[in-house]
Structures are given as C-alpha cells and as structure tokens.
Amino acid sequence: CPHPGDWQAAEAPRAAMEFCTPLRVMQSGPRKGSLPPTLSFAALTPGALVFSGMKRSESGESIVARFHNPTSEAVSGSLRLHWPIKEAWKVSLEEVREEPLDVHDGREVRFEVPAKKIFTVELKTAR
C-alpha cells in the first residue's frame, strides 16, 4: 500500500482529485489594490472533506460552496473565507435555505457533514 492506514486516513479522494486536476497558474500585469502577494480565498478543513465548487448564488447576493464527505463516518468541518461573513446557511442543492449556521471569528462557519453526503453552504459576505 502506498500510504499508511486505510483510504480514509490517507485522504485518498482528495489526493486523487489533486492529481487529476493540476493547478493552473496565470500571470497578469500589476493592478491597483490592497491584497497581499499571497492569500487564501477559502480554506476547507479537515482534509477528509472534498471541495466540489464555489460560485455566486442564483440570487446573486451571496456565495455558495459545495463539498462532500466520501467517508463512512460523519465529519466535523469548517470553511474559512478571506472576507468577513455576515450570515451563513446550510442549503439544498437547489439553494433553498435549510438552517442557519453560526459564524465564528467573523470569517468561519462550522458544520457536521454526514457520511457519504454532499453539503452545500450559502455565505453572505460583507464585501
């Protein structure tokens, strides 16, 4: 086996996605702005959760992030954004709000993702 432990401990789905989806780097000329040279727009933890995508909500008023838990156990996770989060909700695949999520430190939401389930959050940012 190329890794210690089972596929869940080795975060095999994440490693497979990273291998099959190489990073694309693009360069542009200098721009005006206040962002630092390096920045993490969003951070999903722990590694057992697999990021699927992020987009503007259908209403255009917030951001929707989707990820899934491929493991056979529920996983406690968090999503942290660079920009302040005003409000957050667990939403359905159709972006219907199901329940509010608490915002911690103004930039992070925490949640429990059931085993083998897709999880979608809507984030209303202060930006």
Residue tally, condition out of contact with any Lys or Arg (no Cβ under 7 Å at 6 or more places or on another chain) and not in a strand (DSSP E or B), over segment 83-101: 5
Pair list, Cβ < 9 Å and 6+ apart or interchain, from segment 25-45 residues that are aromatic (Phe, Trp, Tyr) to residues that are open to solvent by less than 100 Å² (accessible area, probe 1.4 Å): Phe41/Met54; Phe41/Leu81; Phe41/His82; Phe41/Trp83
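Residues that are touching a His at 6+ places or on another chain (Cβ under 7 Å) and at pLDDT below 95: does segment 51-74 have at least one? Spell out the reasoning first.
Filtering segment 51-74 down to residues touching a His at 6+ places or on another chain (Cβ under 7 Å) leaves 52.
Next, from what is left, pick out any that are at pLDDT below 95: 52.
Yes: segment 51-74 contains one or more residues that are touching a His at 6+ places or on another chain (Cβ under 7 Å) and at pLDDT below 95.
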Yes or no: Ile85 surrounded by 18 or more Cβ atoms within 10 Å (Cβ to Cβ), at pLDDT 95 or above and of a type outside the set (Phe, Trp, Tyr)? yes
Report yes if Lys32 is open to solvent by less than 80 Å² (accessible area, probe 1.4 Å), of a type in the set (Lys, Arg) and not in a helix (DSSP H, G or I), otherwise no. no
What is the one condition in (1) in contact (Cβ under 8 Å) with a residue 60 or more places away in the chain; (2) crowded, with 16+ Cβ neighbours inside 10 Å that Leu79 does not satisfy? (1)
Reported set for segment 51-75 where residues are part of a loop (DSSP other than H, G, I, E, B) and either surrounded by fewer than 19 Cβ atoms within 10 Å (Cβ to Cβ) or out of contact with any Asp or Glu (no Cβ under 6 Å at 6 or more places or on another chain) (or both) is Ser57, Glu58, Ser59, Gly60, Glu61, Pro70, Thr71, Ser72, Glu73, Ala74
For Gly47, only one of the following conditions fails: (1) surrounded by 11 or more Cβ atoms within 10 Å (Cβ to Cβ); (2) out of contact with any Ser or Thr (no Cβ under 6 Å at 6 or more places or on another chain); (3) closer than 28 Å to Asp6 by Cα; (4) modelled with pLDDT of 90 or more. What is its number? (4)
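The values are calculated or read from the model by the stated rules, or taken from the named source; none is laboratory data. From a predicted model like this one, the values you see are computed outputs, not experimental measurements. Reconstructed Cβ throughout: ideal geometry from the backbone, glycine too, with neighbour counts over all protein chains shown. The area values use the complete protein model at the heavy-atom level, side chains included, leaving out ligands, DNA and RNA. Shrake-Rupley method; radii C 1.70, N 1.55, O 1.52, S 1.80 Å.
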